[in-house]
1. Please report the net charge: other residues with Cβ closer than 11 Å to the Cβ of residue 23, K and R +1, D and E -1.
2. Please sort 152-161, 174-183 by packing, taking for each peptide the average over its residues of neighbouring beta carbons within 10 angstrom, highest first.
3. Considering the dipole of the chain built from charges on the beta carbon (Lys and Arg +1, Asp and Glu -1) around the Cα centre, which of 146, 322, 240 is farthest to its positive end?
4. Suppose a student asked you for the relative contact order of the chain, using Cα pairs under 8 Å spaced at least 6 residues apart; what percent would you report?
5. Out of all DSSP beta bridges in the chain, what portion is antiparallel? Express it as a percent rounded to 5.
6. Identify which of 221, 248, 213 has the largest mean-square fluctuation in a Gaussian network model of the chain, with springs joining Cα atoms closer than 10 Å.
7. DSSP H helices in the chain with Cα extent of 27 Å or more along the helix axis and mean Kyte-Doolittle hydropathy at least 0.0?
8. With all protein chains present and a 1.4 Å probe, how do 310, 79 order by accessible area, largest first?
Amino acid sequence: MADVSTTQPAARIAGTGHYVPEKVLTNLDLEKMVDTSDQWIVERTGIRERRIAAEGETTSDMAAEAARRALAKAELEATDIDLILVATVTPDMPLPSTAMFVQQKIGARADCPGFDLAAACAGFIYGLSIAEKYVRTGAAKNVLVIGVELLSRVLDWTDRGTCVLFGDGAGAVVVSPARDDGRGIASTHIYGDGRLAESLCIPAGGSREPASHETVDKNRHLVKMIGQDIFKVAVKNLTAASVTALEHNGLSPDDVDWVVPHQANSRILEGVSRRCGVPMDRFYINIDRFGNTSSASVPIALDEGVRNGTLKPGMNLLMCALGGGIAWGSALVRL
Ligand code: ACO
């Protein structure tokens with residue numbers, strides 16, 4: 001474990017939790033649905049299977065379960081939470097926020113504020129950045145940050161270019177004041193570039209193209225993506241954000257115990273690993289089992305790694321994520 005000094009963080013991750021639905025959809029299952037193959041998917045993405053929410057299961061159901069598990073780990077009650085942030089692009093409804101459904105499902109205080117934030121796959125890093133600032137300023141003591149996606153309901157299951165990539169799930173953390181032990185959220189950096197906004201989008205269902213028979217007939221309410229646009233910018237921007245996190249904290253790649261990255265595509269991560277100098281065997285990878293769960297992927301990986309003993313207290317974790325927007329960011333956390 002690296003022994004390095006960074007400035008005293010103001011906020012820490014006090015507890016983590018995740019939830020994934022039971023139903024497994026394998027690449028072999030997909031071979032029966034679209035013109036694809038297990039070999040193509042594994043070679044191009046690293047994905048072998050993903051989870052799919054049950055009929056009737058909602059985004060807020062998954063979020064609430066991940067939140068309960070994070071609260072239990074933090075040894076806090078739902079009534080101790082002062083702010084609920086739900087990072088998602090697949091809310092229960094466009095109005096109201098999914099955060100309000102989560103408030104009710106976990107039994108948080110009836111006056112506990114909460115809101116959704118839409119930064120696609122970077123949503124959890126954005127949420128962590130906001131939570132850290134609320135805790136640092138004293139505006140909130142305990143903030144629940146949830147990354148959750150139910151993408152299976154907005155995928156075009158006839159488009160092999162997108163439907164093989166994504167999965168459903170939720171991850172949550174409780175952000176609380178740091179103790180005087182050097183552990184906590186050392187930095188967050190978030191970025192956006194709207195020039196590629198339409199390379200990954202759901203064109204219809206918003207105010208620009210309201211839902212109509214025509215939009216549904218043309219599948220305009222489902223995810224559209226120009227994969228190669230995203231791929232190129234992902235390697236470049238994830239590397240830049242990761243290097244910034246290290247430089248900001250005076251760390252070298254050797255000081256990073258684990259990278260906990262957004263699980264978009266193993267080839268993207270191999271590119272980031274080569275360029276930022278942290279070897280792949282220190283990247284926590286679970287994309288093979290869960291696919292790309294967008295905003296949920298970093299907190300799912302974080303909680304899984306904590307619970308299986310890979311990610312230990314005091315370790316330096318580098319988190320990075322990029323997604324539609326384009327939105328991206330990084331965080332350096334001493335666990
Ligand atoms: N099975 C078989 N063939 C396929 C599939 C599939 N599931 N999907 C596409 N193909 C075909 C294409 O039609 C194309 O065929 P053609 O040459 O006859 O036209 C061929 O495979 C190559 O297609 P490309 O798009 O060039 O394949 P590429 O190597 O770029 O891989 C991929 C596609 C995996 C989508 C890649 O571009 C990628 O990962 N991009 C990043 C996108 C991403 O991760 N998005 C998630 C959200 S954003 C984020 O999380 C970072």
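1. -4
2. Per-residue Cβ counts within 10 Å, averaged per peptide and sorted highest first, yield 174-183, 152-161.
3. Of the listed residues, the answer is 240.
4. Values: 851 pairs, mean separation 87.7, N = 335.
RCO, the chain: 26 percent.
5. 70 percent
6. 213
7. Details: long enough: 227-248 (31 Å, 0.32).
Helices meeting the span and hydropathy rule in the chain are 227-248.
8. 79, 310
The values are calculated or read from the model by the stated rules, or taken from the named source; none is laboratory data. Please read these numbers as outputs of a predicted model, since none were measured by experiment. For neighbour counting, all protein chains shown are included, and Cβ atoms are generated from backbone atoms with ideal geometry for every residue, glycine included. With ligands, DNA and RNA removed, areas are computed over all heavy atoms of the protein, side chains included. Shrake-Rupley method; radii C 1.70, N 1.55, O 1.52, S 1.80 Å.
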